[in-house]
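Q: This structure is in structure tokens; I'll ask about it shortly.
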Amino acid sequence: MENCKVLNVRKVLIGEDLEVKDNVNIEICNGYITHIGNGFSSNAESFTNGIAIPSLVNSHVHMLDYAFPEIGIDKTIKELVGDPNSLKYELLSKQNEKDLINFSLNFISNSINFGVTTVTDFRELGILGSKIALNIKRKLKGINYIILGRLEKNEFNDKNLVHLAEIDDGFGVSSISTYSPEELMKISEIFKNKIKAAHISETLKQNLKKDLEFFMKYLRPNLIIHGTWLSDDELLILKEKNVSLVLCPRSNLWFSTGIPRIASAIKLGVNILLGTDNAAWLSPNLWKEMELALLISRLQDPLSNYSKEILKAATVNARLFGTNKIDEGEKSNFIIIEGEKTGILRAHDIYSAIIKRGSEGNITYAEQPRILA
């Protein structure tokens, strides 16, 4: 039996190019968009001051960190999160499974409040961490929770790799020093039809080790995290190889690792995404991430306007995790933000206005993703 409804919306950002259409009615049946029509329908729920945009995508988090917010703010990134002998891993080893699940669900709940319905999680704790993530995934409805697992060094063998591939959506490599070339090639083989991700050139030291060249040779990733210190030539490699780049500007500034080359990545045609990174030190607030990314791009390229590209980075660019656009035949996965009081409806550039004036407090409609008991 069909469960249908119609929404009237003042403005809608449609398709992969976020094309703006005015005065639109959207028909939704059984969780899918079945029709997008011109004009308002007489039998519909109306959002006459609303702007519909795709739900937000957080393309990189370390969710388990949420167990110890703001720990060690006087320590270096290596002391805090260096794999495996850092404060983070010491603290994680002392947490019980029930608490880790509850803290993770709290993180997801906060993400929903920000309009985020896709979360890509780099998991720690080896096979156990992935099994915990799978338990979390079973408790979610309307949330696209992407698990990128890993194996601890003492777990690494073919059997465990195959088992991990059965649990996870992909494999997430911490750094250039985590696995040998032979191990990376084995990961690449077993996860060939899944997401293969790696932290690359987050710091200058990592970039000087030519970590991009190393990973492209042995892992052949389709997703790169940070890339803060990548050169133009290295960014072009990502474009040519169709590798997506997750930018985490708030994390880079917090950990003092550098300023991501956002304007260059956009100008060179790299498919960029956005992530909030470590949950212990950064909230899952994609609105803050978008605004900072836009401000950095303006600093790097004065008077530029990359607001549309940055909004895409937080919404439709994440095709690796499944489509996330407003269009007929797609899942009804969007939010509506208030446009009159915020000034967005009368803004001369709607994309920059959404980024700078949108927030979790302005969301007037969402498809009610939820956490099951």
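Only the coordinates and a few stated rules stand behind these numbers; no lab work does. Quantities reported herein were computed from a predicted structural model and do not represent experimental measurements. Glycine also receives a Cβ, built like all others from the backbone with ideal geometry; neighbour counts cover every protein chain displayed.
Q: Considering Cα pairs under 8 angstrom that are at least six residues apart, work out the relative contact order of the chain and quote it in whole percent. Write out the running numbers ahead of the final one.
A: Details: 767 pairs, mean separation 77.3, N = 373.
This gives 21 percent for the chain.
Q: In addition: Loop-only check: which trypsin sites (Lys or Arg not before Pro) in the range 336-373 are DSSP coil with at most 10 other Cβ within 10 angstrom?
A: Values: sites: 341, 346, 356, 357, 370; in loops: 341, 346.
Those satisfying the criteria are 341, 346.
Q: Would you please put 217-223, 282-288 in order of how densely packed they are, using the mean number of other Cβ atoms within 10 angstrom per residue and starting with the highest? Mind dumping the intermediate values first?
A: Values: 217-223: 19.7, 282-288: 21.3.
Most protected by this proxy first, the peptides run 282-288, 217-223.
Q: List the pairs from 21/196; 267/325; 137/267; 137/331 whose alpha-carbon separation is above 30 Å, in the order I gave them.
A: Details: 21/196 36 Å; 267/325 23 Å; 137/267 36 Å; 137/331 19 Å.
Pairs exceeding 30 Å: 21/196; 137/267.
Q: Gaussian network model of the chain, Cα springs within a sub-10 Å range: biggest mean-square fluctuation belongs to which of 258, 322, 149?
A: 322
Q: Apply the Debye scattering formula to the range 120-260, with a single equal point scatterer on each alpha-carbon and no solvent, then give log10 I(q)/I(0) at q = 0.19 Å⁻¹.
A: -1.13
Q: Sort by residue number and report every cysteine in the chain with no other cysteine beta carbon within a distance under 4.7 Å.
A: Isolated Cys, the chain: 248.
Q: Which shape class applies to the range 56-321: rounded if a/c is under 1.5, otherwise prolate when a/b exceeds b/c and oblate if not, where a ≥ b ≥ c are the square roots of the Cα gyration tensor eigenvalues?
A: On the way: a/c = 1.44, a/b = 1.20, b/c = 1.21.
Rounded.
Q: Counting only other residues whose beta carbon sits under 15 Å from that of residue 24, what net charge do I get with K and R as +1, D and E as -1?
A: Numbers: positive: 5, 10, 11, 21, 325; negative: 19, 22, 27, 45, 327, 328, 330.
Within the 15 Å Cβ shell, the charges total -2.
Q: For q values of 0.10, 0.20 Å⁻¹, compute log₁₀ I(q)/I(0) with the Debye formula on a Cα-only model of the range 264-373, without solvent.
A: Normalising to I(0) and taking log10 leaves -0.33, -1.31.
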